[in-house]
Amino acid sequence: MPVAEAIAEKRQLTKERNTQTLCYHCGVSCINDAITVDDKIFCCEGCRLVYEILDEKGLCDYYKLQAHPGLAQIKPIRNGKYDYLDNEEIAAQLYKFTNGDYTIVTLYLPGVHCSSCMWLLEHLNRLNPAIIESRLNFTTKEVTIHFNKSKISLRKVVELMATIGYEPYISLDEANKKKTNNYNKAKIYKLGVAGFCFGNIMMMSFPEYLSIHTGIEQQYAHLFRYLNLLLAIPVFFYSASEFFITAWKGLQQKTLNIDAPIALAIIITFSRSIYEIISNTGGGYLDSMCGIVFFMLVGRVVQERTYKSISFHRDYKSYFPIAVNVVTTNGIQSKRLQELQEKDVVQLHNDEIIPADAIVLNGKANIDYSFVTGESEPVTVKQKEMVYAGGKQVGEQLTIQIIKPVAGSYLTSLWNHYAFSKDKKEVNDSGSIIHVLSRYFTWILLSLALCTAVYWYFIDPSKIINSVTAMLIVACPCALLLSATFTNGNLLRIFSTNGLFLRDATVIEELGKIDHIVFDKTGTITRGSSNSFICTGHQLTEEEKDLLYTVVAPSKHPYSKAMVAWLGNRNFLPLAAWKETPGKGLNAIIGSTRIMVGSGEYIGIPKNNIQDNQASVYIRINDKVTLFYTQSIFREAIPKIIPVLNNRYQLSLLSGDHNKQRAILADLFGEKSELLFEQKPIDKLHYIEQLQQNGKRVMMIGDGLNDAGALQQSNVGITLADDINNFTPSCDAILDAEKFSLLPSVLKLAQYARYIIGFSFIISIVYNLIGLFFAMQGLLRPMAAAILMPCSTLSIVIISSGVSSFMALKLGLSLRAK
C-alpha cells in the first residue's frame, strides 16, 4: 500500500535524523561539521551568525535555559524586504503609541516557543541600546517593544528580530484592527468582587446558622446582618449586572433566555433578604445570592480565558501583506494595500502574495494557489496572462500589473458571500438545549408560584410572600446552568488537552449533532508540504545521483527543490555547462555526461510514451531515462480514523486537485463516500449548503483559505493546523494535526455531553422538587434554604464534571497535558 510505504519511509528518515549531529542553535540535523564556532556545530550560516551576535553581546545564557532553543533554521532575509516600514504612513498603522520619538509597537512572533525565547526577547535592549524595553506575552506570542524612533527605525527593529530568528508576522489584518483582549477584564473585576464578598458573608453568617439564640452570637447578629447587606450591595449592582443586562435584552426580543430566571432569582433573593434584615425577622439569603453570582462568573471566565491566545475569526486580510512594492517613474515605492489602484505595477519576490488580480508583465510566474483553490501543484503563467489574488509566487522576481482593485478580486468576492455574514454562535445559542430548557423551566416555575400565591390567598394570606419568594429562591435554575457551564468548561479543557481547541462551549453541542463529515484533501488528509518521491524506469546509481544533484541544486523550480530534498546531501560536481529553459527544464554537461531534467517532450520522449497523469519530471542521463514523480503522503492517522468514522457518519471528500489519487482514496473511504475533485472554493460551499438543505448536520475539516467558505457554511468548521498559532481561516475549532488520531474519540465525547447535561438536569429537578415541596407549604426555613442551595449546586457540579472526566478516560483521552 502506498500509504504504508510512505509512513515507513517517514519513520526511517526520522530514525536516521535522530542519529545525526544537531545544530547548537536550532536542533536541526547538520549535514556535516563544516560550520563551527568554539567547538559548536551549526547547520547553516544563519544559525552561526545568531550565535556570534548573542556571544558578542553576552547573551549566551539563552542557550543555558533550554537546549537548541532556536525553533528552526535561520532563513536569510531578502534585502529590502521590510523597506516599506520606512514609509511613516505604513509604520504608523502598527504603532500603539508615539510622541514623535518614544514609540511603542506590538508584534506577533509565531516562532516563540520556550523560556529561552522569553529571556532573549526581554533583553533586546542589550542588542541595541535604542530599544528601551521589551516585554513578551508568552500566551499570545506578542512582544511589546518600547524604542526611540530617532535612534532606531521600526524597519531596523523588525530586521533585528528577523536576524535573531524571531521574524514578526505582519499582515493587513494586524494593521487594520485595534488590539483588544479576547476576554473581558470587567468580568475579572466582577468575579473578584463577588468572591471577596461571598467569602466574607459566609464567614459572618456562621453565627446566624449555629446560634442557639443566647450568648455572643445573638448579641452580634444584627451587626453581622447589616455587614452582610453592605457587602452584598456591590455584588448585586456590579457583579450581577451582566445577568440583568442579558435577561433584559432577551425580554426586548420577546424571549426568555437562561439568564432571565437567574436574574429573577437574584432580585427576589436580594429583596427578601433586605426585608428580613430590616424587619428583624431573619438573616436573609445573601450568602446564597453571592454564591450564585460567584460560581456563575467563575464558569464563564474559565471558558472565556481558555483560548484567548488562539484566533478563530480570520479572513483573507490575515493572509495579505500590509504593503507591496510598486514600480513608479521614481523607482520602487512602498504602497499600502488599500491604496493599490488599477494599472499599478507591482514587484513580487519569492514567497510573496499576489495582492490583487493582475496580469504578468515580466518574469517567470510560478504561482502556488494551494491556499486559495486547494490545487497542490504550482501553476506556470505566461506573460500577459492573469494571476489571481491570494496566489504565492514561487521562484524568481515577478512584475505584475493590477487590473482590479483589492475589493474587486476573486478572493474578496468569495468573502462577500452571504455565508460569512451569518453569526454561527447566535444560531447555535438559540437552539441550545440549555436555552430551550430554561424557557420551559421559567414558565413552569412562574406558574407554580402563581398557583401557590392563589392557594395561600384563600388559606392564609400571611404566607404568600414567604412561600412564593422561597419557591423562586430554591427553584432557581442555577444548578442546571452551573452544571452545563462546568461540564462544558471541563470538556473544553479535555478537548484542548487532546488537541481540539473550540471557539466556545456552544460548539460542543453542535459537535454532538453531526451526522456528515466533509474532508478537504490537500493539507488535511495529506501533508501539504510533504510528498512521497517515486522513481520508475532506470534506477539511479550513487554516482548518477551526484550528477542529478549538481544539475537541480541551482534551480529554484519546485520540482527541483523536491528532488534536492529527496536526494539529500550529495557531492556537488564541476559543471561544464548549465542552462534552464523556463517552462521546459534543465540541460547540463558534467564531464562527458549530458543530463537533462524536465518535461517528456523537452528531453525527447515520444508523445505516445509520455505519462502526464502524475506530477512528473523526466530525467535523462545520456541515453538512460528515469521518471521522477511525487505523490502526496497521507497523514499517519488517516488510515486508522477513516474506517472508524465511516461506521458512524456519512463521509465526503472535496479536493481542488485533479483526481490522480482517486483509486487510493476510493479504497480508503469506501463505496458509500462521495469523492469530488477539481472543486473551487465556491463549489465546496455550495456542496455543504446542499447537504444542509437535505437535513444533514455537516462538519467540515479543512486547512486553507480555499476552505474558508465551506468552513463558515458548515454547522461546525474545523481547521487542521500543524501549528495552531500559524494562519488558519475563520472556523469554529482548530485541531492540532499531531492529535488527528483522537478525532473519533473527541467527537464521541461531544455526543456524550448532551446526556451528561441531561443527567445533571434530572438531578437538579429532584433537588428543586424537594425544595418546592416544603416552600409551597411555607415550611422552608432560611437556614434550610441556605444549606440546600449550595449543596445541590456543588453536588451537581461535582457529578457532571466527574462523569465527563470518566467518559473521557473511557474513550482513551488524556485529562492532563503530557
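The values are calculated or read from the model by the stated rules, or taken from the named source; none is laboratory data. Predicted, not measured: the structure shown is a model, and the values here were computed from it. Virtual Cβ from ideal backbone geometry, glycine too; neighbours counted across all protein chains shown. Side chains included, ligands, DNA and RNA excluded: accessible areas come from the protein's heavy atoms. Shrake-Rupley method; radii C 1.70, N 1.55, O 1.52, S 1.80 Å.
Over segment 217-288, one equal point on each Cα, no solvent: what is log10 I(q)/I(0) by the Debye formula at q = 0.25 Å⁻¹?
The Debye formula, applied to the Cα set alone, gives -1.04.
Subtract the Cα-Cα distance of Ile132 and Lys81 from 0.36 nm times their separation in residues, and report this length gain in nm to one decimal.
Once the chain is fully extended between Ile132 and Lys81, it gains 15.9 nm.
Between Ile534 and Ile359, what's the calculated FRET efficiency when r is the beta-carbon distance and R0 is 41 Å? Round to 0.05.
Once the sixth-power term is evaluated, E becomes 0.65.
Keeping every protein chain in place, order Asp667, Asp101, Asp504 by accessible area at 1.4 Å, biggest value first, i.e. largest first.
Asp667, Asp101, Asp504
Can you tell me the FRET efficiency between Asp101 and Ser805 if r is taken as the Cβ-Cβ distance and R0 is 41 Å, rounded to the nearest 0.05?
0.15
How many nm is it between the label spots at Tyr220 and Phe458, if each spot is 7 Å from the Cα in line with the beta carbon?
Label-label distance for Tyr220 and Phe458, simple model: 5.0 nm.
Are any of the pairs Lys57/Lys156; Lys392/Lys521; Lys81/Lys151; Lys672/Lys748; Lys187/Lys748 more than 29 Å apart by Cα-Cα distance, and if so, which?
Distance filter (> 29 Å) returns Lys187/Lys748.
Whole-Hz Karplus ³J(HN,Hα) for segment 158-163, in order, using 6.51 cos²θ - 1.76 cosθ + 1.60 and θ = phi - 60°, x for Gly and Pro?
Along segment 158-163, the couplings run 5, 5, 4, 4, 5, 5 Hz.
At a 1.4 Å probe, what is the % contribution of carbon and sulfur to the accessible area of segment 34-142?
The computed percentage sits at 49.
Once ligands and nucleic acids are excluded and a 1.4 Å probe is used, how much of Trp578 is accessible, expressed in Å² to the nearest 10?
90
What FRET efficiency comes out for the pair Arg648/Gln253, r = Cβ-Cβ distance, R0 = 35 Å, nearest 0.05?
Working from the Cβ atoms, E equals 0.40.
Largest first, what is the accessible-area ranking of His686, His538, His349 with a 1.4 Å probe?
His686, His538, His349
Taking 0.36 nm per intervening residue step and subtracting the Cα-Cα distance, what contour gain separates Phe237 from Asp623 on full extension?
130.2 nm
Could you give the length gained on full extension between Leu227 and Ile245, defined as 0.36 nm per residue of separation minus the Cα-Cα distance, in nm?
3.8 nm
With label points built 7 Å along Cα→Cβ from the Cα atoms of Leu815 and Lys40, find their separation and express it in nm.
Using points 7 Å along Cα→Cβ, the separation is 4.3 nm.
Would you mind computing, in nm to one decimal, how far apart the modelled labels at Thr380 and Ile278 are, each placed 7 Å from Cα along Cα→Cβ?
8.8
Of Arg648, Arg816, Arg155, Arg78, which has the most accessible area with a 1.4 Å probe, and how do the rest follow in descending order?
Arg816, Arg648, Arg78, Arg155
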